[in-house]
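Reading through the structure tokens given below for one structure.
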Amino acid sequence: MPYQKFQPESLMMSYGHQSGMARGAVKAPLYQTSTFTFETAEQGKDYFELAYGLREPVNGEAPGMIYSRLNNPNLEILEKRLCLWDKAGGCAAFASGMAAISTTVFEFLKPGDVLLYSSPLYGGTVHFITEVLPRFGIQVVPFYYDQQPEAILRHLKANNQSHRVAMIYIETPANPTNTLIDIEAMSVLAKTLSTEERQVLTVVDNTYMGPLWQHPLQLGADLVIYSATKYIGGHSDVIAGAVLGSEDLIARIKVLRTFFGSMASPFDAWLLTRSLETLKMRMEKQTRNAQRVARFLQQHPMVENIHFLGLLTESDGEQYRIYQRQCTAPGAMLAFDIKGGEKEAFTFLNNLHLVKLAVSLGSTESLAQHPATMTHAGIPEDVLAEMGISEKLVRLSIGVENVRDLIEDIEFALEKAAEVREAEVMA
């Protein structure tokens, strides 16, 4: 059986690593080096010609190792393995998710272009898009999950922007509300906006679903972005990012990455490669736990609304239909509105013990945070309201703990919040 025919979870153990080149080591060693030796000056010339695109590769020739800002064996192994999950032509790993996002955006946008983006997004991405990009002459236009592509197109045309759109950037499910954007529909819109001279790219932040539960490239997206800190890393011990897509697009991103110097370090790449071996097991456990927690919250009197894909039904209309077409599981991220407001939300958060009060997501431990005052604190109140982020909203990232322990911990914290609410009502 051809090696490449095995499933990704099997290939995560050894794909891209040749033990014969590492003294027989089963696992890839850490190549903690800044530079690499050449056998001859002629070989050095060959490597640089390929690295700088001064000539075309001959007979499948690949650039050799030169300098770890350009490439590194650990980085190469990580990128090869990440490609397997999304069936991508290429991958570029970065020092953070924001490095992946900013490098990608700057490679494909120029002054005068329009970036069309879905709202809500992760707070850091919102700040970058709305505060940084306009300083470079890039116009940004938001749209919301309940807007159909036809309406978005009419709006762009009415504002004389349709011919300047260069990228559609979406995060689905949205952070933190779990609202869904139809990737296929937005890819079609991108093609509608494209011309022979200008391709409009569809870029999807797939961090919430990780490489397991949603595959944007197979749904028509051009590029998929991950904060690899989250499910890919999965242990809250590394900061990293990744972009995947066609070989040609990734080659362009890697050139800019070289000059930004924003690639993942050898050690971080090594840590991520280690984490990929348990990715499927971790994520499957996390989504099972999340479904149990969501069902518990659904019945609790202190909970008003739950934002969890596993609770969508046919009555949710288009959101349910997108979920059925687009996702293979509901994920492990959920948010809910607690009865009351910030005081009750903070009381809940302050009384969690097993679940840790921290930002980030996708790791083995369960985490809780308050988006309005934490991850999305820099966003104006009126924009938060449009996003559906209120002082009542609490976000949970469900880990791999014993689910009964998780529910007990959450129940105790909700009871404390209920006591505070009752005291307020009595007063």
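Worth a mention:
- The dipole here belongs to the chain: it is taken about the Cα centre, uses +1 on the Cβ of Lys and Arg and -1 on the Cβ of Asp and Glu, and is about 780 debye.
- Positive-end residue of 71, 100, 235, charge dipole of the stretch 70-276 with Cβ unit charges: 71
- Spin-label pair residue 382/residue 277, simplified geometry with 7 Å Cα→Cβ offset, distance in nm: 5.4 nm
- Nearest-ten-degree value, helix 279-299 long axis tilted from longest Cα axis of the chain: 10 degrees
- Positive contributions from Lys and Arg (+1) and negative ones from Asp and Glu (-1), summed over other residues with Cβ under 15 Å from the Cβ of residue 73, come out at +3.
- Spatially, the stretch 376-399 and the stretch 232-271 are offset by 28 Å when compared through their Cα centroids.
- With neighbour counts taken as other beta-carbon atoms within 10 Å, the residues 13, 333 rank, fewest first, as 13, 333.
- If R0 equals 45 Å, the separation of the Cβ atoms of residue 127 and residue 6 corresponds to a calculated FRET efficiency of about 0.60.
- Efficiency of FRET between residue 412 and residue 144 - r from beta-carbon atoms, R0 45 angstrom, step 0.05: 0.80
- Between residue 41 and residue 295, the modelled label-to-label distance comes to 7.2 nm, taking each label 7 Å out from Cα in the direction of the beta carbon.
- Dividing the mean sequence gap of close Cα pairs (under 8 Å, 6+ apart) by how many residues the chain holds gives a relative contact order of 16 percent.
- Beta bridges assigned by DSSP with both partners in the stretch 70-276 are antiparallel in approximately 35 percent of cases.
- Once the Cβ-Cβ distance of residue 288 and residue 87 is raised to the sixth power relative to R0 = 25 Å, the FRET efficiency obtained is 0.50.
- Computing Rg and the Kirkwood Rh from the Cα coordinates of the stretch 70-276 gives a ratio, Rg/Rh, of 0.95.
- For the residue pairs 254/392; 27/254; 285/339; 87/110; 80/285; 5/230, the alpha carbons lie more than 31 Å apart in 254/392.
- Helical content alone sets the calculated 222 nm signal of the chain at -12000 deg cm²/dmol, taking -39,500 (n - 2.57) per DSSP H segment of four or more residues and averaging over every residue.
- Taking only the C-alpha atoms of the chain, Rg followed by Dmax gives 22.7, 84 Å.
- For the chain, the longest principal axis of the alpha carbon atoms and the long axis of helix 247-260 meet at an angle near 90°.
- Cα point-scatterer Debye curve for the stretch 261-382, base-10 log of I(q)/I(0) at q = 0.12, 0.13, 0.17, 0.19 Å⁻¹: -0.61, -0.71, -1.10, -1.24
- The chain: most fluctuating residue of 78, 271, 309 per GNM, C-alpha cutoff 10 Å: 271
- The stretch 314-426 shape via C-alpha gyration tensor axes, a/c threshold 1.5: oblate
- The stretch 70-276 - percent relative contact order, Cα under 8 Å, separation 6 or more: 31 percent
- Distance (nanometres) between label positions extended 7 Å along Cα→Cβ at residue 364 and residue 135: 4.0 nm
- Most to least packed among 395-402, 28-35 [average Cβ atoms within 10 Å]: 395-402, 28-35
- Cut-off 11 Å between beta-carbons: net charge of the residues surrounding residue 277, Lys and Arg +1, Asp and Glu -1: +4
- Cβ-based net charge around residue 325, under 10 Å, with every Lys or Arg adding one and every Asp or Glu removing one: -1
Taken together, the values in this text are just the output of simple stated rules run on the coordinates, not laboratory data. Computed from a prediction, not measured in an experiment: that's the story for all the values here. In this analysis, Cβ positions are derived from the backbone assuming ideal geometry, glycine residues included, and neighbour counts consider all displayed protein chains.
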